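Reading through the structure tokens given below for one structure.
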Amino acid sequence: MTDVRLMTLDPGHFHAALLHGEMHAAVDPRVDIFAPVGPDLVAHLHRLAACNRRQARPTSWAWEVHAGPDFLERMLHDRPGNVVVLSGRNRDKIDQILASVRAGLSVLADKPWVLRSADIPKLEAALADADARGVVAYDIMTERFEATHALQRALVNDEPTFGRIQPGTLEEPAVYMESVHYLKKVVAGAPNIRPAWFFSTEDQGEGLNDVGTHLVDLVQWTLFPDQSISTADVQLLDAQRWPTRISESDFRSVTNAPGFPPELGGSIVGGHFEYYCNTLVAYSLRGVHARLHIAWDWEPLDALGDTHFAYYRGTKSRIEVRQTRGDGFRPELYVVPNDSAAKGRVLSAVRAKVAALQGEYPGIAAVDRAGEIHLSIPDALRVGHEAHFAQVAATFLECLSDRSRLPPWERPNMVAKYHVATRGTELSREHPPAVAPRLAPR
């Protein structure tokens, strides 16, 4: 018997459909969609229909659409379901989350929940109200389910392999992460047409606001597993931003819009739209220096899609996730011993950890390479970004069935995460636009 009924609110981002990529026994196949009439709603319905029509594991969603400008008020009044799914415009998202929680509804919401530090109190209120009312407000952190990230976390917290995290400095951080996304790309086998509002930083946010939320989360989750983080643990040190320049013809190709909308007029320079979607931020977390580099380029030339690079520097080794041409731009995990003379001991430690992880990650192996150790990950564990949404949904449903499964550290860590993302973005605006920094050498 199903006891979860979904209500999707204003699905402006394709992630809303990815959450319906798999059916769940506890979830009613009927979903109610509350949204304004427009292309975002039409695109979402097409994506749901594509899930139902696909040859491999087709879904069987049925939907009822409630379309109109008062979509939020209608949802809160009619309440045909008990869980609100949110993935769309970010400007008003926290108000929608707060209203839903105060109506006694659980929420599964895509990042980012807030774009401004002034809205952090609303975030705290939503989380506190969820606790008080016994509902679940859950942030969709898909990157925790990526095998390379989870295994990087396991190795960073294995003292024989990694040692202890080095504090680092502003110039040489202990943690460095780099995420390069592309504005023009293919998702689920089709060109990803973005709504024109996606390019409004007032609606979507900037690089650190949006994609950067994942990176901030990974730093906390990896360095201090199962520990509560507070904003007092964070010190913002520096931040820069720079634009990606987009021609009008390129803008039309990725939005299907007839041209630049009027609201972007203030950012049109020399016939190009200057899209401030790139951020470099430096901060310390409990004395550990971290630097995050978030960039949006136009389209991949060499790489097959979005790329991620991350390292943690320990007293015994450096643990890296890389995506390079040599690895076919597939994310791979490496352990680089600090001292070549100690490589044998580090290799033995990695192999011992790999053996201990076989139950959770069957088939992983430590491969000795010149100067470093490659952690080989079987294809069966590489489910991909789109499948991570089904994994997030499954975890959310577990918390919904038993709220004690929601870790107590999630609430303070979420506030700390958005403190870094919002204050870092605001700090970057206090400086003149930067020249795009070079990507880290691989």
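Out of all DSSP beta bridges with both ends in the chain, state the antiparallel percent to the nearest 5. Roughly 65 percent of the beta bridges in the chain run antiparallel, per DSSP. Highest average first, the peptides 110-122, 422-434, 83-95 ordered by how many other beta carbon atoms sit within 10 Å of their residues are 83-95, 110-122, 422-434. When you filter the trypsin sites (Lys or Arg not before Pro) in segment 242-290 for DSSP loop state and at most 14 other Cβ atoms inside 10 Å of their Cβ, nothing is left.
In segment 157-306, if the dipole is taken from +1 on Lys/Arg beta carbons and -1 on Asp/Glu beta carbons about the Cα centre, which of 162, 281, 229 is farthest to the positive end? Of the candidates, 281 comes out farthest on the positive side. In the context of the full set of protein chains, the chain has a per residue accessible area of 42 Å² (1.4 Å probe). The loop-placed trypsin sites (Lys or Arg not before Pro) in segment 376-407, going by DSSP, that have at most 14 neighbouring Cβ atoms within 10 Å of their Cβ come out as 382.
Could you work out which residue, out of 282, 310, 25, moves most in a Gaussian network model of the chain, that is, has the largest mean-square fluctuation with Cα springs under 10 Å? Highest fluctuation among the options: 25. Averaging the sequence gap over all C-alpha pairs within less than 8 Å and six or more residues apart, then dividing by the number of residues, gives the chain a relative contact order of 19 percent. Considering only 109, 154, 295, the Gaussian network model of the chain with Cα springs below 10 Å gives its largest mean-square fluctuation to 154. Model label points for residue 132 and residue 49, set 7 angstrom from Cα along the Cα-to-Cβ axis, are 4.4 nm apart.
The trypsin sites (Lys or Arg not before Pro) of segment 148-232 that DSSP puts in a loop, and whose beta carbon has at most 13 other beta carbons within 10 Å, are 164. Summarising the label geometry, the points placed 7 Å from Cα in the beta-carbon direction at residue 26 and residue 430 lie 4.4 nm from one another.
If you take all other residues with their beta carbon under 13 Å from the beta carbon of residue 10, and give Lys and Arg +1 and Asp and Glu -1, the sum is -4. Given their separation in residues at 0.36 nm each and the Cα-Cα distance between them, residue 339 and residue 365 gain 7.2 nm when the chain is fully extended. For the chain, with a Gaussian network of springs between Cα atoms less than 10 Å apart, report the residue from 132, 387, 16 with the top mean-square fluctuation. Fluctuation is largest for 132. Candidate membrane-span-like segments in the chain, meaning DSSP H helices with Cα atoms spread over at least 18 Å of their own axis and a Kyte-Doolittle mean of -0.5 or above, are 39-53, 120-133, 343-356, 385-401, with no membrane implied.
The lysines whose alpha-carbon is closer than 24 Å to the alpha-carbon of residue 122, local same-chain residues fewer than 8 away aside, are 93, 111, 417. Candidates 60, 88, 337 compared by Cα position along the dipole of the chain: farthest toward the positive end lies 337, with charges placed on Cβ.
First check a/c for segment 323-442, with a ≥ b ≥ c the square roots of the eigenvalues of its C-alpha gyration tensor; if it is under 1.5, answer rounded, and if not, answer prolate when a/b is larger than b/c or oblate otherwise. Note, shape of segment 323-442 comes out oblate.
Residue 247 sits among other residues whose Cβ lies under 13 Å from its own Cβ, and their net charge, with Lys and Arg +1 and Asp and Glu -1, is -1.
Nonpolar atom fraction for the chain, defined as the carbon and sulfur part of the 1.4 Å probe accessible area, stands at 52 percent. Evaluate the relative contact order of segment 82-234 (contact order divided by residue number), counting alpha-carbon pairs under 8 angstrom at least 6 apart; express in whole percent. Value for segment 82-234: 23 percent. For residue 414, the accessible area of its heavy atoms, probed at 1.4 Å with every protein chain present, is near 10 square angstrom. So how much slack lies between residue 245 and residue 327, counting 0.36 nm per residue of separation and subtracting their Cα-Cα distance, in nm? That pair, residue 245 and residue 327, stretches by 26.5 nm at full extension.
Say a paramagnetic label sat at a point 7 Å from the Cα of residue 64, along Cα to Cβ; which residues of segment 10-41 have their backbone N under 12 Å from it? Of the residues in segment 10-41, 30-34 have backbone N under 12 Å from the label point off residue 64. Rounded to the nearest 20, the size of the Cβ-charge dipole of the chain about its Cα centre is 840 debye, with Lys and Arg at +1 and Asp and Glu at -1.
The values are calculated or read from the model by the stated rules, or taken from the named source; none is laboratory data. Quick caveat: nothing in here was measured; it's all calculated off a predicted structure. Note that each Cβ is placed from the backbone with ideal geometry, even for glycine, and that neighbours are counted across all protein chains shown. These accessible areas exclude ligands, DNA and RNA; they are computed on the full protein's heavy atoms, side chains included. Shrake-Rupley method; radii C 1.70, N 1.55, O 1.52, S 1.80 Å.
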